[in-house]
Amino acid sequence: ERKMIREEIESREDEKMIDAAQMNNPEPEECFNVNYLRIYYGGKSNLFPYSDIHKWLSYGHDGKHPGCDEYYFGRREFSFTLENDVYLRYKSFKNASSMEDAIKSNFPYKIDIGAVYSVDPDKRHAYSQTGTNVFTPVERELVFDIDITDYDDVRYCCSGADVCSKCWPLITVAIKVIHTSLTEDFGFKHILWVFSGRRGVHCWVCDPKARRMTNEQRSAVAEYFRVYKGNENNARKVALMGYSLHPFLARSYVDYLKGFFEGELQATQSIFSTKDKYEKILAMISDEDIQSELRGKWENSARSSLSEEAISLVRWEQLKNTLQSKKHKAPTLRMCVEEIVFTFTYPRIDLEVSKQMNHLLKAPFCVHPKTGRVCVPIDPNNCDEFDPLAVPTLSQLIEEINSGGSRMDVDDDEDSDTSLLAKSIKFFRSSFLEPLLKSCKEEIESSYKTKIGKSKDSFSW
Amino acid sequence: MEVIRSQKRTPSNDTVSNPKIPLYLTAPQMEVRLEEFELFAIDRLRVLKGVSDGLARGRNPKEMDDLVDTLWKEHMRDPDASVMLNKDIISHFVLRLVYCRSDELKKWFLSMETALFRHRFRLQNFEAQRAIVGEFGLPYKAVTGAELEGLKERLGQVVRSLGQISPTVEAVYYKVPFEEVPDLVASRRVLIQKGFAFVAGSQLVSLVVTQFRSHISKALILTNRKWTTTIREREKDRLTPIVEALSTSYLGPDYSQSTEYAEISLKDIDQVAKSSFPLCMRHLFEKVREDHHLKHGGRMQLGLFLKGVGLKLDDALAFWRAEFTKKVGSERFDKEYAYSIRHNYGKEGKRTDYTPYACQKIILSAPGAGDHHGCPYRHFSEDNLRAALGRMGLSSRGMEGVMDQVRNKHYQLACTMTFEAVYGTSCDAGINHPNQYFEESQKILKSKTPPAPV
């Protein structure tokens with residue numbers, strides 16, 4: 001079905017500004033267009049995993065057990081963003097095939113997943129806003145959104161929508177810190193990390209406990225994760241008070257942040273190598289004398305023959321030594337070294353996304369309109385391996401189909417399946433979906449048994 | 001709770017466990033005199049208002065503890081401990097009836113009762129606090145032995161991270177699902193492991209306050225249901241008038257700090273006066289524009305109202321100056337009027353930040369010749385009142401209901417009915433403050449969603 005591709009150049013203008021050094025991306029015009037989208041979502045190829053998404057969001061309510069709620073899936077809100085930014089909210093579907101039909105008739109540029117409501121979002125106008133029968137969210141995954149643009153003040157390789165192999169590691173470190181906390185501190189078990197398609201990641205915590213959290217509780221978890229409080233007006237954007245770090249921050253620092261800062265970050269960002277760069281760091285030290293002392297050392301050593309990375313490391317050591325000997329001077333100096341490390345490396349999540357149950361978030365396996373990349377899952381235990389610039393694009397997938405090179409049925413037993421998306425779908429199923437559904441079924445069964453037990457009791461006098 | 005008329009009250013004997021702070025978990029089984037029904041509630045309301053004031057002024061937790069202690073002793077104390085306890089319980093339940101009747105009332109009551117509980121709890125000794133935790137029936141066990149040993153180092157880290165240089169790990173920690181203590185989680189004041197937060201004895205407040213708040217919130221919804229379906233009608237000759245009067249007896253928010261709806265600017269003021277001012281203020285405003293003058297009573301009533309509505313001092317001075325200088329000239333304005341405007345905003349003399357007048361005060365004022373302040377529903381002649389209501393857009397049928405209330409001297413109910421007629425919506429709480437009228441009106445005008453068809 002190789003036809004002339006209509007190039008939608010006018011909406012791709014900004015893409016043409018991409019630095020040549022980052023040309024791992026295919027030609028902009030080939031990334032994404034409506035015809036590719038139709039192939040992705042429709043027709044024979046069925047690249048989009050409809051039934052996996054449906055199984056996931058049904059959380060075990062597949063009608064096979066008497067304890068199932070057959071209307072559960074139908075109370076979930078979806079939203080479609082169509083071509084020309086037409087936005088359709090409060091869409092809901094009775095079952096997998098009506099979801100599939102709706103996607104195949106609209107070919108949305110973006111699909112968002114919202115909350116599970118008390119009634120079908122479709123029918124919400126039939127219910128008043130007060131009294132007992134209200135249209136309100138009842139379940140929703142605990143979600144997080146990390147976007148590299150929130151780190152613009154600490155990355156020197158790119159800015160804005162661009163991302164490269166030098167700054168992506170910031171996202172990798174963020175995944176490690178947050179994932180460890182979600183499992184170790186909060187005890188969550190069913191966590192899905194997804195590439196957002198261009199410059200960040202989303203996290204979906206799907207434990208039943210998480211889905212039932214109130215807005216207040218979600219806000220509490222988001223605030224627990226919050227360290228960076230920056231804006232243009234303050235130079236010291238991380239303020240760690242007290243005499244030690246909270247155990248969560250201490251663990252993050254020791255296990256991930258310190259090593260990353262002193263290793264990879266120095267190599268990729270060279271944060272001390274020029275005056276502009278090191279002045280920014282000096283501004284975080286709340287003591288003029290110490291600032292001058294360090295500035296003096298660094299201004300005079302500019303003629304060094306060392307590499308940028310080596311220079312940065314030397315200066316970092318100097319800074320640490322100076323602060324170590326002088327930190328008793330003021331409470332704000334006590335953890336200045338840690339503050340600097342946190343400023344450059346600690347995760348920056350978008351708090352608003354996490355705090356409200358009704359916040360919509362892009363669905364996994366969507367295609368990003370600006371890059372054409374599929375929003376594939378990321379393995380948190382192997383996130384160092386993930387390369388955002390190697391994620392399959394829509395055009396690559398289409399190419400693969402056209403060359404007739406692979407089977408489209410993803411067979412879990414067949415290791416020889418080489419289709420580009422197969423690996424991601426397999427991972428989604430085995431690491432996330434299967435354990436999740438197993439646990440959901442157990443929960444449905446046990447709460448059903450409890451209910452039956454209770455009503456039995458109510459008959460006994 | 002049995003309410004009886006003027007009979008000797010039998011001492012209550014249900015305070016078996018006698019915790020110092022009752023949790024108001026169930027309605028008390030005791031007999032109450034009708035007079036006490038009202039008086040107890042008013043005393044409690046004074047305490048709640050004091051709490052509200054304290055919070056509005058940004059008092060820190062320790063100051064609030066002291067404030068609550070003082071307020072409680074002043075209004076709720078009784079030499080007989082069981083009488084004091086009964087008053088505590090009865091007054092709370094009466095106020096539930098009063099404050100369950102609208103979302104705005106519920107929110108205020110919930111906030112104040114929760115704050116009151118929090119600070120009363122903090123004032124208790126540790127044993128009493130543990131007893132209260134037990135009262136809630138919370139299944140949280142203390143962490144002991146090997147488990148506590150294993151956590152000691154990290155618990156110490158938490159204490160140090162909060163600013164204590166030598167970590168005194170407390171003797172008692174409770175293992176609690178993290179969802180129960182959201183504020184401690186948010187501020188990283190607790191160690192969290194595998195979904196559980198380790199709450200120190202001294203942090204119990206957070207735990208119980210969350211429980212308390214959640215319980216009262218649910219109770220208010222049930223109380224409202226009961227009120228609207230049975231109680232209001234059944235008690236219409238006895239308790240209902242008292243309950244309704246209690247909410248109009250002005251002890252609610254005082255509007256001295258303007259809220260999110262505030263911030264009206266000078267250029268909007270004419271339009272906003274037409275759309276959102278209650279009749280008393282509309283009248284004063286029109287008179288200022290017309291006569292370029294107002295006597296003292298009017299300047300106070302309107303001036304403080306405008307302050308409560310969010311008019312900044314500079315704009316206020318500009319407003320009054322623009323009108324008054326048409327009659328008295330700039331020099332006289334500065335000499336005689338500017339000072340008192342600044343005085344109202346707390347910028348001169350005693351620097352008291354005066355609060356806008358509530359309906360009660362306005363109704364009780366006595367406008368004389370040349371005055372335009374007071375409450376039109378009380379102080380206007382019938383003809384003038386009808387004309388004014390007509391200008392507000394009331395139909396002759398709508399007017400009859402209002403005039404009926406006026407004849408029966410229910411001035412605030414008359415104003416409430418006017419509000420309902422103008423905005424086409426019901427106002428269950430009843431108007432008892434001009435700034436409340438303004439805020440409710442702005443809320444309605446600003447909400448863009450059309451009413452959902454049922």
Self-check item: Test: B:Asn384 is closer than 30 Å to B:His292 by Cβ, away from chain A (no Cβ under 14 Å) and surrounded by 11 or more Cβ atoms within 10 Å (Cβ to Cβ)
Solution: yes
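Here is a yes/no grid of residues against (1) closer than 30 Å to B:Leu97 by Cβ; (2) out of contact with any His (no Cβ under 6 Å at 6 or more places or on another chain):
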{"position": "B:Ala358", "(1), (2)": "yes, no"}
{"position": "B:Gly368", "(1), (2)": "no, yes"}
{"position": "B:Tyr377", "(1), (2)": "yes, yes"}
{"position": "B:Glu382", "(1), (2)": "no, yes"}
{"position": "B:Leu385", "(1), (2)": "no, yes"}
{"position": "B:Arg391", "(1), (2)": "no, yes"}
{"position": "B:Met399", "(1), (2)": "no, yes"}
{"position": "B:His410", "(1), (2)": "yes, yes"}
{"position": "B:Ala414", "(1), (2)": "yes, yes"}
Exercise. Report yes if some residue within segment B:368-384 is at pLDDT 90 or above and under 19 Å from the mean Cα position of the chain (by Cα); otherwise report no.
Key: no
Quiz prompt | Residue satisfying condition, being within 10 Å of another protein chain (Cβ to nearest Cβ), farther than 21 Å from A:Ser424 by Cβ and at pLDDT 95 or above, within set A:Phe188, A:Phe135 | solution = A:Phe188
Quiz prompt | Flag for A:Leu142 being within 12 Å of chain B (Cβ to nearest Cβ) and crowded, with 19+ Cβ neighbours inside 10 Å | solution = yes
Exercise. Select, from A:Lys277, A:Lys258, the only residue that is modelled with pLDDT under 95, more than 14 Å from every other protein chain (Cβ to nearest Cβ), open to solvent by 20 Å² or more (accessible area, probe 1.4 Å) and touching a Ser or Thr at 6+ places or on another chain (Cβ under 9 Å).
Key: A:Lys277
Exercise. Could you tell me whether segment B:116-130 includes any residue that is of a type in the set (Gly, Ala, Ser) and either within 14 Å of chain A (Cβ to nearest Cβ) or open to solvent by 30 Å² or more (accessible area, probe 1.4 Å) (or both)?
Key: no
Quiz item: Which condition number does A:Ala250 fail, the rest of (1) assigned to a helix (DSSP H, G or I); (2) at the interface with chain B (Cβ under 9 Å from one of its Cβ atoms); (3) within 19 Å of A:Lys355 (Cβ to Cβ); (4) free of Cβ contacts under 8 Å to residues at least 60 places away in the same chain being met?
Solution: (3)
Quiz item: Which condition number does B:Ser214 fail, the rest of (1) under 21 Å from B:Asn125 (Cα atoms); (2) part of a helix (DSSP H, G or I); (3) free of Cβ contacts under 8 Å to residues at least 60 places away in the same chain being met?
Solution: (1)
Exercise. Select from segment A:174-185 the residues that are open to solvent by 10 Å² or more (accessible area, probe 1.4 Å) and more than 10 Å from chain B (Cβ to nearest Cβ) and list them in ascending order.
Key: A:Lys176, A:His179, A:Thr180
Exercise. Test A:Cys336 against the stated conditions and say whether it is at pLDDT 90 or above, within 28 Å of A:Ser219 (Cα to Cα) and buried (at least 21 other Cβ atoms within 10 Å of the Cβ).
Key: yes
Quiz item: For segment A:280-317, how many residues are within 13 Å of A:Glu262 (Cα to Cα) and either surrounded by 12 or more Cβ atoms within 10 Å (Cβ to Cβ) or of a type in the set (A, V, I, L, M) (or both)?
Solution: 8
Self-check item: Sole exception among (1) crowded, with 20+ Cβ neighbours inside 10 Å; (2) touching a residue at least 60 places away in the same chain (Cβ under 8 Å); (3) of a type in the set (Phe, Trp, Tyr) for B:Tyr140, by number
Solution: (1)
Exercise. Name every residue in segment B:18-73 that is closer than 20 Å to B:Leu97 by Cα, part of a loop (DSSP other than H, G, I, E, B) and open to solvent by 50 Å² or more (accessible area, probe 1.4 Å), in order of residue number.
Key: B:Leu25, B:Thr26, B:Ala27, B:Gln29
Practice problem: Being at the interface with chain A (Cβ under 9 Å from one of its Cβ atoms) and of a type in the set (Lys, Arg) is the filter; apply it to segment B:165-203 and report the residue that is least open to solvent (accessible area, probe 1.4 Å). | Solution: B:Arg188
Quiz prompt | Whichever residue in segment B:200-211 is touching a residue at least 60 places away in the same chain (Cβ under 8 Å) and within 22 Å of the chain's Cα centre (by Cα) and, among such residues, is nearest to B:Leu162 (Cα to Cα) | solution = B:Val209
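The values are calculated or read from the model by the stated rules, or taken from the named source; none is laboratory data. What you see is a predicted model, and the numbers here were worked out from it, not measured in a lab. All Cβ positions, even for glycine, are placed from backbone atoms using ideal geometry, and neighbour counts span all protein chains on display. Each accessible area value is taken on the protein alone, full model and side chains, heavy atoms only, with ligands, DNA and RNA left out. Shrake-Rupley method; radii C 1.70, N 1.55, O 1.52, S 1.80 Å.
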